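So the structure is just underneath, and the comments pick up after that.
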Amino acid sequence: MSLCTVLPSAALDLSLTLKVASLAMDSLCRGVFAGNSRELSIRSCFPSVFQAEQTHRSVLLGLLLGAGRSPQPDSALIRQARAERWSQWSLREGLETLPQALNTHLISRGVSVLRGQPVRGLSLQVEGRWKVSLGDSSLEADHIISAIPASVLSRLLPAEAAPLAHTLSTITAASVAVVNLQYQGARLPVQGFGHLVPSSEDPGVLGIVYDSVAFPEQDGSPPGLRVTVMLGGSWLRTLEARGCVLSQQLFQQQAQEAAATQLGLKEPPSHCLVHLHKNCIPQYTLGHWQKLKSATQFLAAQRLPLTLAGASYEGVAVNECIESGRQAAVRVLGTEPRS
């Protein structure tokens, strides 16, 4: 089922259904996946919505009745988030402090963390262990948990895993340019998390996040209004296909024009950061769940000591990637890891 066939035709006439799909679902898919709603799979992208429709034959009714909600993990932090009704979260010094803290914690417990040493290839030894080639050196491993993009892993796997490599190679990803803008003495005309932009309105701008509304404590001193403009979609794909120069100036200009047109922020920003993230958001296209099933069955049948985790499989959001890592650890250890 594609994302353009979510709403039952019995509930809405065809013209309204198409309008909702082209605006609401198109915007949502662009904002979350930087993708095309006509190509993405509702079953894989929004499983709770899919399950609600399958259970009650109505998305709205199913969601109201709680269909599609999977069991949630529990902890003191999760209970606090529910009690305080968190809608989003961040860290005082930015999200980068999370992997930094994990790195410090692991090293303190005697774990070797290798950085700046990309994996060149994987091969299976006679005794069933992995040999991990790192260019000038190598190491052996009893088990591998791979959190790198599926298409990247597909190029590292040995010949014995060719069917798995082929499956993983079909999980593509979209590029996104993220432009952070800060304005001194400016105010937003609206309040909220941000807004998404349908492709019919602007093929290049995916949406704008109002950072200062969510986390004003990060506005700096003196405080300035912060917004993040996300660029991608067909506009960026066309530029990439043509081999165009993707300069920071190009993205900054597009972002400033969007902020001026959509939010009235017409003065030049006091600060601007531009980052182009190549192939950063996996695309769960139609049939994605079948790819996952095929990969899982191959790993089980061949008894490969390999566990798949990360954004390529069952969720691209930060929370989902964290949960993916937790579940991978559980599968490898056979029990819940101790905190």
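General remarks:
- Taking Cα centre as origin and charging only the Cβ of basic (Lys, Arg, +1) and acidic (Asp, Glu, -1) residues, the dipole magnitude of segment 226-339 rounds to 320 debye.
- The ellipsoid equivalent to the alpha-carbon distribution of segment 257-339 has semi-axes of 40, 18, 10 angstrom, derived from the gyration tensor eigenvalues as √(5λ) and listed largest first.
- The calculated FRET efficiency for the pair residue 242 and residue 75, based on their C-beta separation and a Förster distance of 51 Å, comes to about 0.60.
- Annotation: amide H of residue 174 within the under-5 Å range of 280, 281, 283, sequence separation 5 or more or interchain, hydrogens built in the peptide plane.
- When the residues 74, 26 are ordered by accessible surface, computed with a 1.4 Å probe over the protein chains alone, the sequence from largest down reads 74, 26.
- Length gained on full extension, residue 147 to residue 253: 34.8 nm, using 0.36 nm per residue less the C-alpha separation.
- Taking GluC sites (Glu not before Pro) in DSSP loop states with no more than 13 other Cβ atoms inside 10 Å as exposed sites, the chain has its longest site-free stretch at 202-339.
- Spacing of the two label points (7 Å from each Cα toward its C-beta) at residue 323 and residue 271, in nm: 3.3 nm
- Relative contact order %, the chain, counting alpha carbon pairs below 8 Å whose residues are six or more apart: 19 percent
- Net dipole in debye of segment 188-272 [+1 Lys, Arg Cβ; -1 Asp, Glu Cβ; about Cα centre; nearest 20]: 200 debye
- Point-to-point label distance, residue 303-residue 83, nm (Cα→Cβ direction, 7 Å offset): 4.8 nm
- Shape of segment 75-207, Cα gyration tensor, a/c cut at 1.5: prolate
- Stokes-Einstein D (µm²/s) once Rh is taken as the Kirkwood radius of the chain over alpha-carbon pairs, at 4 °C in 1.567 mPa s: 57 µm²/s
- Two-decimal Rg/Rh across segment 181-261, once Rg and the Kirkwood Rh are taken from alpha-carbon atoms: 1.02
- Ordering 94, 196, 210 by Cα displacement along the dipole of segment 94-210 toward the positive end leaves 94 in first place; charges were set at the Cβ atoms of Lys, Arg (+1) and Asp, Glu (-1).
- Taking every full run of DSSP H in the chain, the ones that stretch at least 20 Å from end to end by Cα along their long axis and average -0.5 or higher on the Kyte-Doolittle scale are 318-333.
The values are calculated or read from the model by the stated rules, or taken from the named source; none is laboratory data. From a predicted model like this one, the values you see are computed outputs, not experimental measurements. Positions of Cβ are backbone-derived with ideal geometry, glycine not excepted, and every protein chain shown enters the neighbour counts. Ligands, DNA and RNA are stripped out before the accessible areas are found, and what is left, the full protein with its side chains, is counted by its heavy atoms. Shrake-Rupley method; radii C 1.70, N 1.55, O 1.52, S 1.80 Å.
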